[in-house]
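Visitor: Below: one structure in structure tokens.
Read-outs throughout are calculated quantities, based only on the coordinates presented, and are distinct from any laboratory measurement. Note that the structure is predicted; figures quoted are calculated from it, not measured. We place every Cβ from the backbone using ideal geometry, glycine too, and count neighbours over all the protein chains shown.
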Amino acid sequence: MEKSERPRTLYHTSVVNEDGLVGHTFAEGEGKIDVKINATSKDNLGTNPEQLLGMALATCLNATLEAIEKRDGYEHQTKVRVDVDQAHDVHGLQFFVDVYVYIPEDEVDRETAKAWFDLAESRCPVSKLVHASDNVTFTLMDVNDAF
């Protein structure tokens, strides 16, 4: 979609990386943040693209679930875990992303949990970006399989 065709922007950020995989990445402007970046094979401190992708998806999806819980009059109890694996691809590397959502059985019944799960997956902006990929799975955990 062309920029001119997009809906009105509610929030904007610009993120810059000048160093590649070892150095830092930063967000410009108000609320700026500077994050140390390091390769997954390094022992040094810092984060990496896999962790940032996982954090973005886990946070966005759980925030969406929190809004659904609040809308329905519940305290926030859901949890989201995102596992990100890097593997070789025909050309370079690829990620495999597995998303696990836990909704306690003492909060809602299984049918309601499934409805919340489906709604959150369809509303979360990060989920919308990745859900069509064959390398991404979303799983509503059974209550006995909490992480």
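Visitor: What is the distance, in nm, between label points placed 7 Å from the Cα along the Cα-to-Cβ direction at Lys36 and at Ser122?
Guide: For the pair Lys36/Ser122, the computed spacing is 4.4 nm.
Visitor: To continue, here is another question. What residues qualify as long-range amide H neighbours of Ile37, i.e. H under 5 Å apart, gap of 5 or more or another chain, H built at 1.01 Å from N?
Guide: Correct list: Gly23, His24, Thr25, Thr47.
Visitor: If I compute Rg/Rh (Cα atoms, Kirkwood Rh) from the structure I just sent, which labelled value in (i) 1.18; (ii) 1.12; (iii) 1.01 lines up?
Guide: For Rg/Rh (Cα atoms, Kirkwood Rh), the calculated option is (iii).
Visitor: Quick one: work out the % antiparallel among DSSP beta bridges in the chain, nearest 5.
Guide: On the way: 18 of 24 bridges.
Once the DSSP bridges in the chain are tallied, antiparallel ones form about 75 percent.
Visitor: Identify the chymotrypsin sites (Phe, Trp or Tyr not before Pro) of the range 1-80 meeting these criteria: DSSP loop state and at most 15 other C-beta atoms within 10 Å of the C-beta.
Guide: On the way: sites: Tyr11, Phe26, Tyr74; in loops: Tyr11, Tyr74.
Those that pass, being in a loop and sparsely packed, are Tyr11.
Visitor: Tell me the angle of helix 110-123 to the major Cα principal axis of the chain, expressed in degrees between 0 and 90 and rounded to the nearest ten.
Guide: Between helix and principal axis, roughly 30 degrees.
Visitor: Also: Which value, in debye to the nearest 20, describes the size of the charge dipole of the chain about its Cα centre when Lys and Arg Cβ atoms bear +1, Asp and Glu Cβ atoms bear -1, and nothing else is charged? Walk me through the numbers before you get to the answer.
Guide: Working: 14 positive and 27 negative charges, 108 e Å.
Using Cβ point charges on Lys, Arg, Asp and Glu, the chain gives about 520 debye.
Visitor: Also: Cut-off is 10 Å between beta-carbons; in what order do Thr78, Thr25 appear when sorted fewest neighbours first? Before the final figure, lay out each step's value.
Guide: Numbers: Thr78 23, Thr25 19.
The order, fewest Cβ neighbours first, is Thr25, Thr78.
Visitor: Defining a contact as two alpha carbons under 8 Å apart and six or more residues distant in sequence, what relative contact order in percent does the chain show?
Guide: Over the chain, the number comes to 17 percent.
Visitor: When the helices in the chain are scored as -39500 (n - 2.57) per DSSP H run of 4 or longer and the sum is shared across all residues, what 222 nm value do you end up with, to the nearest 500 deg cm²/dmol? Show your work: numbers first, answer last.
Guide: Values: 3 runs with 43 residues, N = 147.
Calculated mean residue ellipticity at 222 nm is -9500 deg cm²/dmol.
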